[in-house]
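S.K.: Pasting a structure here, questions to come.
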Ligand SMILES: C[S@@+](CC[C@H](N)C(=O)[O-])C[C@H]1O[C@@H](n2cnc3c(N)ncnc32)[C@H](O)[C@@H]1O
């Protein structure tokens, strides 16, 4: 396995002292209660009040401000204290926010991850073993009987849908500025956005380049959401939709026009290795020597920080238990092998795109 330099140190050596290793092991064993407590400290606004208080707050004050019972406040505070998200001043018994608590409160990416893990994944991960054994998203049954989450996306309960979209958008939105510069560094005018979802990227494209036309390929039910989402925006007339289910091998990409660029952002991670090769082969059919395929993915081995690689490999288990049971956040070896199997060549790879650690793999025929 190839790993970017900062990850090599972290993942090929046992870096912890015994006491640290034991603490981490306990954190894992009590992961569900640690997670739920932190989530509730956010939900009830306790982290926020501690940050805003001058010298911290007592348990009694926290119970009063939140309307929780003394018992409930005590349980949450003591769990948080021993987890390390709050501290106590032993002179006056006031709780304050720790550095860990500060990150949970103020790092937007963590907030999006917490909501996604609670609303979308939490119950479904109970069935991770069955999902791994059967190659099916067994946890999805908590929401409905679709074969993959994508077929059900437009029908998920509002809170679940909000958290799903916030997670999806947070990561890709932060990469669009860099991606647009790369895409339009040449004279591309026509784009095919495969898995273009609600059209957020398409709107950015038509705003960035007044001559560009973009076709969004997605499941028909997503195209309905997309049309509502782009309605009334400048340039919406240069966005088209093309409904297709790429899991159906017989369905082909549109050929009505020539596409300078085929764009797949956070898309191939929704498919198994075999399906990826099949999709890429179909994409290659509508490419000529001037077309380019841009694949934007968060390849976990190309991350600058071990924590980013951690978040991505954990996200793989959302694909296992909730999304489809057979895909993941891939690494460079996987993705480059699949691209070559589809008879495409890699022209270049751009790294460190946006905040989410995306890479853009540029492919040609
Ligand atoms: C993770 S989202 C990525 C959305 C967007 N490209 C982005 O970067 O934020 C994956 C997209 O692929 C679409 N998709 C999943 N399975 C599909 C299928 N079988 N056929 C067509 N589109 C599919 C989903 O509907 C969704 O819009």
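We did not get these values from a lab; they are worked out from the coordinates using the rules stated. Note that the coordinates shown come from a computational prediction; the quantities given were computed from them, not determined experimentally. Note: ideal-geometry Cβ built from the backbone for every residue, glycine included; neighbour counts use all protein chains shown.
S.K.: How far is helix 18-29 tilted off the main Cα axis of the chain, in degrees rounded to 10, range 0 to 90?
M.R.: Approximately 70 degrees, to the nearest 10.
S.K.: Got a sec? Which residues in the stretch 17-36 would a label at residue 129 touch, if it sits 7 Å along Cα→Cβ and we count backbone N under 16 Å?
M.R.: none
S.K.: On to the next question. Is any residue of the stretch 325-353 close enough, with backbone N under 18 Å, to a label point placed 7 angstrom from the Cα of residue 281 along the Cα-Cβ axis, and if so, which?
M.R.: Answer for the stretch 325-353: 335-345.
S.K.: Between residue 181 and residue 81, what FRET efficiency follows from the Cβ-Cβ distance if R0 is 56 Å, with the result rounded to 0.05? Write out the running numbers ahead of the final one.
M.R.: Values: r = 47 Å, r/R0 = 0.83.
After rounding, the FRET efficiency stands at 0.75.
S.K.: If you don't mind, there's one more thing I want to ask. Angle between the Cα long axis of helix 31-43 and the longest principal axis of the chain, 0 to 90 degrees, nearest 10?
M.R.: Computed tilt is about 90 degrees.
S.K.: So how tilted is helix 273-285 from the main axis of the chain? Cα-based, degrees 0 to 90, rounded to 10.
M.R.: With rounding to tens, the tilt is 40 degrees.
S.K.: Can you tell me how much longer the chain between residue 333 and residue 29 gets when fully stretched, taken as 0.36 nm per residue apart minus their C-alpha distance, in nm with one decimal? Walk me through the numbers on the way to the answer.
M.R.: Numbers: separation 304, 0.36 × 304 = 109.44 nm, distance 3.21 nm.
Full-extension gain reported as 106.2 nm.
S.K.: Based on alpha-carbon centroids, what's the gap between the stretch 286-351 and the stretch 165-225 in Å, whole number please?
M.R.: If we compute the Cα centre of each part, the gap is 18 Å.
S.K.: Using label points projected 7 Å from each Cα along Cα→Cβ, tell me how many nm separate residue 74 and residue 310, to one decimal.
M.R.: Modelled inter-label distance: 3.2 nm.
S.K.: Determine the gain in length on full extension of the stretch residue 173-residue 237; use 0.36 nm per residue of separation and subtract their C-alpha separation, reporting nm with one decimal.
M.R.: Values: separation 64, 0.36 × 64 = 23.04 nm, distance 2.17 nm.
Going from the current span to full extension adds 20.9 nm.
S.K.: Sum -39500 (n - 2.57) across every DSSP H segment of at least 4 residues in the chain, then divide by the residue count to get the 222 nm mean residue ellipticity, nearest 500.
M.R.: Details: 16 runs with 171 residues, N = 365.
Mean residue ellipticity, 222 nm, calculated: -14000 deg cm²/dmol.
S.K.: Measure off 7 Å from each Cα along the Cα-to-Cβ vector at residue 55 and residue 210, then give the distance between these two points in nanometres to one decimal.
M.R.: Inter-label distance under the simple model: 6.2 nm.
S.K.: Still on this structure, I have one more. When the Cα centres of the stretch 90-128 and the stretch 21-88 are compared, how far apart do they sit, in Å?
M.R.: The stretch 90-128 and the stretch 21-88 have Cα centres separated by 10 Å.
S.K.: Now a separate question. Give the percent of DSSP beta bridges with both residues in the stretch 174-364 that are antiparallel, rounded to the nearest 5.
M.R.: Working: 11 of 30 bridges.
Of the beta bridges lying entirely in the stretch 174-364, close to 35 percent run antiparallel.
S.K.: State, to one decimal in nm, how far the label point of residue 43 lies from the label point of residue 345, with both points 7 Å from Cα in the Cβ direction.
M.R.: Reported label-point gap for residue 43 and residue 345 is 5.5 nm.
S.K.: Continuing with the same structure: Between residue 274 and residue 21, take the C-beta separation as r, use R0 = 56 Å, and let me know the FRET efficiency to the nearest 0.05.
M.R.: Working: r = 38 Å, r/R0 = 0.69.
The value I calculate is 0.90.
S.K.: Hey, could you get me the Stokes-Einstein D for the stretch 5-106, Kirkwood radius over alpha-carbon pairs, 4 °C and 1.567 mPa s, rounded to whole µm² s⁻¹?
M.R.: Values: Rh = 14.8 Å.
My calculation gives 88 µm²/s for D.
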